[in-house]
Every structure is written in C-alpha cells, then in structure tokens.
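Heads up, the thing below is written out as structure tokens.
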Ligand SMILES: [Zn+2]
C-alpha cells in the first residue's frame with residue numbers, strides 16, 4: 001500500500017480549458033484513497049491517464065465556478081452510463097446546492113443520479129474521513145461560496161486554497177503544511193480580480209504567515225507568466241514552485 005500523500009496536477013488553467021491544458025483539478029492519493037479535488041473542464045479525461053475512475057474514493061469541489069466544477073456533468077455521465085453501476089455511490093462534497101445545479105444540467109431523471117452519488121454539502125470547518133485521510137474544509141474569500149481544504153494522513157499535510165483572496169482562513173488551513181497549493185489568479189495592479197483571488201505575492205505572504213514548508217502556485221492569472229509569478233512569490237517565501245499539468249508531488 002502506498003504510504004504518504006501524493007498530489008498529481010491534472011490541470012490549472014483559467015478561465016477556460018485549452019489544448020492539453022485542463023482547468024483546475026488535482027488528484028490526491030493516500031493510503032487506500034484517491035480523491036479528485038476540483039473537476040474543472042478536461043480534468044475527468046486527464047484523471048483517466050492515472051486512475052481507473054472506479055477507484056475514486058471521493059470528489060471534493062471547492063466552488064461552483066465552471067473552471068472548477070465544469071466536468072461534474074462528465075462525471076455524472078460516466079456514473080449514469082455504467083451498467084451495472086461502476087462503483088458504490090460515489091462520495092461527492094461541494095458547496096450548498098451543488099447536486100441540484102448538476103441535476104438541472106442533466107437531461108436524465110435527477111433521482112437516477114441521486115442513486116449513484118452520496119452527496120454532501122460543505123460548511124466552514126466541515127471534517128470528514130476518506131480512507132486514511134482526514135479532510136477539513138474552510139470557507140474562504142471569493143465572489144461565490146468557496147472552500148479551501150486541508151488534507152492529512154496523520155503525518156503530512158497538504159493544503160489547497162480553492163479560489164480565494166488573501167484571508168485568515170488560508171493561513172489557518174495551511175498552518176505548517178508540507179505543501180500549500182495556492183491559487184494566484186490575480187495579477188498585481190488588477191484591482192478587479194482582488195479581493196477574490198491572490199496575487200503570487202499574496203500567496204507567498206499567506207504561505208509565510210502559515211509557516212508552510214513549500215508553496216506551489218497554481219491557477220495563475222493569464223496576465224502573469226510562470227517565471228514572473230515564481231519570482232514575485234520568491235521575494236517573500238523561500239520555497240516556491242509553480243504547478244503544471246502532469247506534475248507529481250510526493251509527501252512522505
Ligand atoms: Zn477559478
């Protein structure tokens with residue numbers, strides 16, 4: 001059995017997918033569990049490079065913006081078209097109302113989907129155990145209800161910002177994290193994007209205040225290129241990477 005936590009980056013881009021560049025989605029695996037964290041457009045196909053989706057333990061959705069949740073209909077189509085059902089009802093966590101919104105999108109009887117998923121709604125401080133992993137969700141600062149996530153196997157901590165501007169919840173969820181995957185969807189000087197997103201500098205400041213060991217920037221504003229984002233964050237945090245599709249990060 002695999003020990004420790006592994007993050008595989010399925011996609012990072014915003015606001016829409018591009019060739020070979022899915023939107024936000026991350027596969028996080030730990031002892032006996034595999035969790036899809038955010039399901040932006042293109043990520044469900046990308047996931048299948050790494051994992052038979054029947055082995056998914058859960059899906060966790062930060063918020064209902066299309067670049068994070070747009071592949072839920074693809075997941076639903078997989079669940080609805082697997083005969084007999086691919087797996088026992090799939091655990092899916094998301095903001096209030098996510099199942100209704102997904103059901104409204106589908107042409108099929110919504111009750112059929114309800115049979116295929118075990119739906120849960122997130123609240124601030126929501127805690128759940130998936131396999132050996134403990135997941136704690138925190139309400140973060142965004143233009144719609146949005147959550148960040150702290151995942152631990154008891155030894156290692158992986159934190160994810162979801163989409164969020166700088167806020168206390170980010171430093172709480174990333175406290176002493178081994179790896180803090182933090183969005184940087186805002187560009188310095190673009191006041192429209194703030195306070196709903198972090199700039200690379202904001203992400204670095206959050207990571208520094210949280211004493212996170214490594215900062216992995218993701219979801220960069222299309223206005224900021226990778227070397228610039230890294231450089232801007234490195235002025236505040238000593239250990240900065242930038243997530244890219246296919247990147248694999250092992251903790252432990
Ligand atoms: Zn986003």
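Values quoted throughout were computed directly from the atomic coordinates according to the rules given, and no laboratory measurement underlies them. Keep in mind that this is a model prediction, so the values were computed, not measured. FYI the Cβ positions are ideal-geometry reconstructions off the backbone, even for glycines, and counts take in every protein chain you see.
Structure above, values below:
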| quantity | calculated |
| --- | --- |
| Beta bridges per DSSP with both ends in the stretch 38-181, % antiparallel, nearest 5 | 60 percent |
| Extended-chain gain in nm, criterion 0.36 nm per residue less alpha-carbon gap, residue 123 and residue 52 | 22.6 nm |
| Compactness of the stretch 1-76 as Cα Rg over 2.2 N^0.38 Å, two decimals | 1.03 |
| Per-residue [θ]222 nm for the chain (sum of -39500 (n - 2.57) over DSSP H runs n ≥ 4, rounded to 500) | -6000 deg cm²/dmol |
| For the chain, alpha-carbon Rg over 2.2 N^0.38 Å | 0.94 |
| 0 to 90° range, to nearest 10: angle between helix 200-209 axis and the chain longest Cα axis | 90 degrees |
| Computed lengthening from residue 82 to residue 115, 0.36 nm per intervening residue step minus Cα-Cα distance | 10.6 nm |
| Projected label distance in nm at residue 45 and residue 155, using a 7 Å step from Cα toward the beta-carbon | 3.8 nm |
| Tail beyond 18 Å, pair distance distribution of the stretch 69-154 (Cα, percent) | 49 percent |
| Whole-Å semi-axes of the stretch 157-224's equivalent ellipsoid (Cα gyration tensor) | 20, 11, 9 |
| Distance between modelled label sites at residue 20 and residue 190, nm, 7 Å Cα→Cβ extension | 2.4 nm |
| Radius ratio Rg over Rh of the stretch 128-252, counting only Cα atoms, Kirkwood formula for Rh | 0.95 |
| For the stretch 1-147, alpha-carbon Rg and Dmax in angstrom | 14.4, 41 |
| Inverse of mean 1/r across different Cα pairs in the stretch 41-117, Kirkwood, Å | 12.8 Å |
| Extended-chain gain in nm, criterion 0.36 nm per residue less alpha-carbon gap, residue 239 and residue 208 | 10.2 nm |
